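Sharing a structure here in structure tokens format.
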Amino acid sequence: MAKIVIIGSGIAGLFAALRLADAKHTVTVITKQRPIDSSTNWAQGGIAAILDKTDGAGLESHIHDTLASGDGLCNERIVRKVIEESGERIHDLLNIGVRFETDENGGFHYAKEGGHSERRILHAKDATGKEIERALNDAASSHPNIILKPNTLAMDLIQREHQNPEKGIAGVWCLDQERNSVFTEPADILMLATGGVGQLWSQTTNPPVATGDGLAMAYRAGAAVKDMAFIQFHPTALAVQSDRPFLITEAVRGEGGVILDEEGLRSWQSDVETTNGENTPLLPHAYSFTLNHSPLGSMATRDIVARAIDQRLKETGGNHVYLVTSHMNQEHLEDHFPTIQKRLNRHGLKLGRDPLPVSPAAHYIVGGLAVDEYGRPHSRETGNPLPSLYAIGEVACTGMHGANRLASNSLLEAVVYAARAANHIIDSEPESNDTPLPEWRADGLEVLTEHVSVANDREALTNTMSREVGIVRRFNRLHRAKRRLQLLSKEVDFIWRSALPSREIVELRNLILVGQLVTEDSLGRKENRGLHFNTDLIGHEGQ
Ligand code: FAD
Ligand code: SIN
């Protein structure tokens, strides 16, 4: 049996691990912190799916919304396959022990988010990811064929033949963060399930582990990337100074929440006072500036809503708009969104009562390692699949999301591709590889004592990305970012070559490379599509 190494313990990594382990493969899961530490664990809204394969209208409607959100760049064949497989994967998750919310009749309760024309999102209140991680972790930690290695940082992939990507991958160098030592982990098959890159921006909904490591490692090993410019900013992250940009799920808008600016809020409140006593309550929807950008207003797709907020903040000089829920039933809100209410309690805010200050934050990378339908990354040089390497989940770009991901389609894509990749490995009966692997060479490297310069470089990086490669871009700013990132890259490369590896250096090196790939792709785009918007390209809209 082949030895399979998976890097990452989010939904993609753990789901694939379980499927492979059930097929009698030995699987080692390497993960940076605790196994639960992942974007998956923080997912709120849910997982979009059509449970019944024979529900033709349901499938077509989900496919239609996904394609519309993707602004003409989705691969329709992939979209169809993923959505058609969604029901089976949900049944797998249920069998693993995931408990989704049910309604009073015992059926599933479905939520709705921006860009969805119907309620089709399975969820566990507002902590769907936590429930998925709980179930997957429970199953993986008790599986006899799975070895979990927490606090282990994958640093670089080892090629079977040095500087020859076409020969495939033979393992990975890892930093054991408890012993502070580097070791070599051999692998017959290596799967990257390392998640996203949100830590490139100073305001992000992502957890600290989201530093683009898998993307950078595979790129260095010769893999191709795709659509890196498409960075999704979530419109409604909590904007209070004493807290991180905690996500306020789009499902709050799905239940009726509305985004208003200061002026809209004032006019609505004053009109409510004037009409006080009338039978029909005055709703805030008509007062939203988002209606100037889409007839769907606050429920338009994320690219549109985030851009509308960004523009409004630039016009007003403010640092937040409001998510308004005071026209909604407080009990219903508290019952559906207990995690959010718990977080709001820290700031004396209440759902159903207070306008919540929100602003956009980097949330999801649509682009990533260009993979085929089994999750195999392509070689940059030949376009062929790289032998013995797979990439699943947010690190990969499958073509499902086009230029803008539809809400709650990410957990779905991750679980579908985890199954596809695992099945492909099982069916192809991989052989063991006994090439002797090189040891990590630490000769002449010294312990880094000057941490401050690494911290400064990281701050310079996130500032540059936030200012120059944000929601709205311009060519001169992108060029400026490119120059700055080149300097940072040289600086950090020097540290990397002289210091013993540490998490801070490994992550910074990876983040800079991913930042360069995002900037380069943005510079190369000749039209505005979905999540990529360059004011110099106004008039060159896609489609
Ligand atoms: P992750 O879940 O991020 O897991 C990545 C794993 O890789 C982690 O275990 C990490 O520690 C590990 N790792 C990374 N680098 C290394 C390394 N060098 N060495 C070792 N281990 C490493 N999507 C939806 O569809 N629905 C939602 O409701 C939803 N809500 C979201 C809410 C928030 C706040 C966020 C941040 C995202 C949300 N998303 C949602 C997006 C979705 O959660 C992610 O895209 C998805 O969970 C990614 O899964 P993954 O398995 O690819 O990666
Ligand atoms: C949310 O709950 O708003 C996030 C959903 C997603 O990113 O798909």
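Please go through (1) over 28 Å from Asn206 (Cβ atoms); (2) within 16 Å of ligand 2 (Cβ to nearest atom) for Met400 and return the number of the only condition it doesn't satisfy.
Among (1) over 28 Å from Asn206 (Cβ atoms); (2) within 16 Å of ligand 2 (Cβ to nearest atom), Met400 violates only (1).
Which number in (1) over 19 Å from the mean Cα position of the chain (by Cα); (2) within 8 Å of ligand 1 (Cβ to nearest atom); (3) in a loop (DSSP other than H, G, I, E, B) marks the one condition that Glu178 misses?
Among (1) over 19 Å from the mean Cα position of the chain (by Cα); (2) within 8 Å of ligand 1 (Cβ to nearest atom); (3) in a loop (DSSP other than H, G, I, E, B), Glu178 violates only (2).
Now for a separate question. Report whether or not Arg119 is surrounded by fewer than 18 Cβ atoms within 10 Å (Cβ to Cβ), out of contact with any strand residue (DSSP E or B) (no Cβ under 8 Å at 6 or more places or on another chain) and among the basic types (Lys, Arg).
No; evaluated as a whole, the condition is false for this residue.
Just the residues that are buried (at least 24 other Cβ atoms within 10 Å of the Cβ) and in contact with a Phe, Trp or Tyr (Cβ under 9 Å, 6 or more places away or on another chain), please, taken from the stretch 141-167.
Result: Ala154, Leu157.
Kindly indicate which of Ser298, Ser294 is at negative phi, away from ligand 1 (no atom under 16 Å from the Cβ) and surrounded by 23 or more Cβ atoms within 10 Å (Cβ to Cβ).
Ser298 is the lone residue from the list that is at negative phi, away from ligand 1 (no atom under 16 Å from the Cβ) and surrounded by 23 or more Cβ atoms within 10 Å (Cβ to Cβ).
Right, here's the next one. Would you call Ala422 buried (at least 20 other Cβ atoms within 10 Å of the Cβ), more than 29 Å from Phe233 (Cβ to Cβ) and either modelled with pLDDT of 95 or more or away from ligand 1 (no atom under 16 Å from the Cβ) (or both)?
Taking the combined requirement at face value, the residue satisfies it.
Conditions tested, residue by residue: (1) touching a Phe, Trp or Tyr at 6+ places or on another chain (Cβ under 9 Å); (2) more than 30 Å from Cys74 (Cβ to Cβ); (3) surrounded by fewer than 17 Cβ atoms within 10 Å (Cβ to Cβ).
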{"position": "Gly402", "(1), (2), (3)": "yes, no, no"}
{"position": "Asn433", "(1), (2), (3)": "no, yes, no"}
{"position": "Ala460", "(1), (2), (3)": "no, yes, yes"}
{"position": "Arg483", "(1), (2), (3)": "no, yes, yes"}
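Only residues in the stretch 202-218 that are surrounded by fewer than 24 Cβ atoms within 10 Å (Cβ to Cβ) count as the first member; pair them with residues that are among the hydroxyl-bearing types (Ser, Thr, Tyr) and in a loop (DSSP other than H, G, I, E, B), Cβ under 8 angstrom, at least 6 apart or cross-chain, and list the lot.
Qualifying pairs under 8 Å: Pro207/Ser38.
Look through Asn145, Asn151, Asn105, Asn137 and report the one residue that is touching a residue at least 12 places away in the same chain (Cβ under 8 Å), farther than 26 Å from Asn404 by Cα and more than 13 Å from ligand 1 (Cβ to nearest atom).
Only one candidate passes the filter, namely Asn145.
Across the stretch 34-73, what is the number of residues that are more than 16 Å from ligand 2 (Cβ to nearest atom) and buried (at least 18 other Cβ atoms within 10 Å of the Cβ)?
10
Continuing with this model, one more query. Restricting to helices (runs of 4 or more DSSP H) lying wholly in the stretch 291-351: which have 2 or more residues that are over 25 Å from Thr102 (Cα atoms) and modelled with pLDDT under 95?
Because the criterion is at least 2 residues that are over 25 Å from Thr102 (Cα atoms) and modelled with pLDDT under 95, the helices (runs of 4 or more DSSP H) in the stretch 291-351 that meet it are 302-316.
The values are calculated or read from the model by the stated rules, or taken from the named source; none is laboratory data. Predicted model, so just to flag it, every value in this text is computed and none were measured. Cβ sites come from the backbone with ideal geometry, for glycine too, and all protein chains shown count toward neighbours.
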